[in-house]
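The values are calculated or read from the model by the stated rules, or taken from the named source; none is laboratory data. Owing to the predicted nature of the structure, the values given are computational and were not obtained by experimental measurement. Note that we place each Cβ from the backbone using ideal geometry, even for glycine, and neighbour counts take in every protein chain shown. The area values use the complete protein model at the heavy-atom level, side chains included, leaving out ligands, DNA and RNA. Shrake-Rupley method; radii C 1.70, N 1.55, O 1.52, S 1.80 Å.
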Amino acid sequence: QQAALHKERARIAKDIHDDLGANLTQISFLGELAQQDRGVPEKAGEHIEKISNTARRAAKSLDEIVWAVNPRNDTLAHFIDYTGQYALDYLRVAGIRCRLDLPEQTPARELSTDVRHNLFLVVKEAINNTVKHAHATELKLQIGVTAEKLAITIEDNGCGFDQPPADNGADGLRNMRQRLADIGGQCWIHGRPGGGAKILIEVPWTRIHTET
């Protein structure tokens, strides 16, 4: 339990540094630029707009950190609700239609902080990749629950690909696979040129790795 606590504290510190800290640093830098360009209203206005956007990202990062560390959220229902709302909010801002297919009744099942946070980050990475690379107008997020497993499908109508990317996008795919491996899950990525892309994620309940 002590080792698990230390690991969780280290993860929280990393999240705060990488996400919240980076955004706050950028806000400070943009504020300095806005001060320097006070005599050029157009440039100052651009800096202020970027400050506003970055502040929204910082608030979202803080919300995710608080959600992740609150033990009251360690349930399958909380994971599904939070992930679905994230997809709706993020894709609305990106101008991409979001279709949700979520269970009408979610089984009363616990998900440890580590499991639900890693799952959320995998879905978040997949959605971010769609927004950045797919040129899609629609994304469908489907979450299914059976007695054997949790299954998540993320499908878009974007440009697709011959094979998964070998550039910066490959790092994101590796991170997704590693996070899933850490909790006993796996994923498959399918796509074809002009035919969109689909990511299938499965986590069998019997293979979920939890800390004791």
### Message
So if I place +1 on the C-beta of Lys and Arg and -1 on the C-beta of Asp and Glu, and nothing else carries charge, what would the dipole magnitude of the chain be about its Cα centre? I want it in debye, nearest 20.
### Response
100
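Go ahead and estimate [θ] at 222 nm for the chain from helices alone: -39,500 (n - 2.57) per DSSP H run with n ≥ 4, summed, over the residue count, rounded to 500.
Numbers: 6 runs with 109 residues, N = 212.
Result for the chain, helices only: -17500 deg cm²/dmol.
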### Message
Testing the spin-label approximation: label points 7 Å from Cα along Cα→Cβ at Ile48 and Ala13. State their distance in nm.
### Response
3.9
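Magnitude of the Cβ-charge dipole of region 79-165, K/R +1 and D/E -1, about the Cα centre, nearest 20 debye?
Roughly 160 debye for region 79-165.
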### Message
If packing is taken as the average number of other Cβ atoms within 10 Å across a peptide's residues, how do 177-190, 145-158 rank, most packed first?
### Response
145-158, 177-190
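How large, in percent, is the carbon and sulfur part of the accessible surface of region 70-211 at a probe radius of 1.4 Å? Walk me through the intermediate numbers first.
Numbers: 3410 of 7490 Å².
The nonpolar share, carbon plus sulfur, comes to 46 percent.
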### Among Gly84, Gly39, Gly21, residue whose mean-square fluctuation peaks in a GNM of the chain (springs only between Cα atoms under 10 Å)
Gly39
## Note on the structure
With the label point 7 Å along the Cα-to-beta-carbon line of Arg56 and a cut-off under 17 Å to each amide N, the hits in region 100-139 are 128, 131-132
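Please sort 134-144, 113-123 by packing, taking for each peptide the average over its residues of neighbouring beta carbons within 10 angstrom, highest first.
Values: 134-144: 17.5, 113-123: 21.7.
Per-residue Cβ counts within 10 Å, averaged per peptide and sorted highest first, yield 113-123, 134-144.
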### Task
Taking Rg and Dmax of the Cα atoms in Å as the quantity of interest, determine which of [x] 18.9, 64; [y] 22.1, 73; [z] 18.6, 59 was computed from the displayed structure.
[x]
### Query
Just the accessible area per residue of the chain, please: how many Å² with a 1.4 Å probe?
58
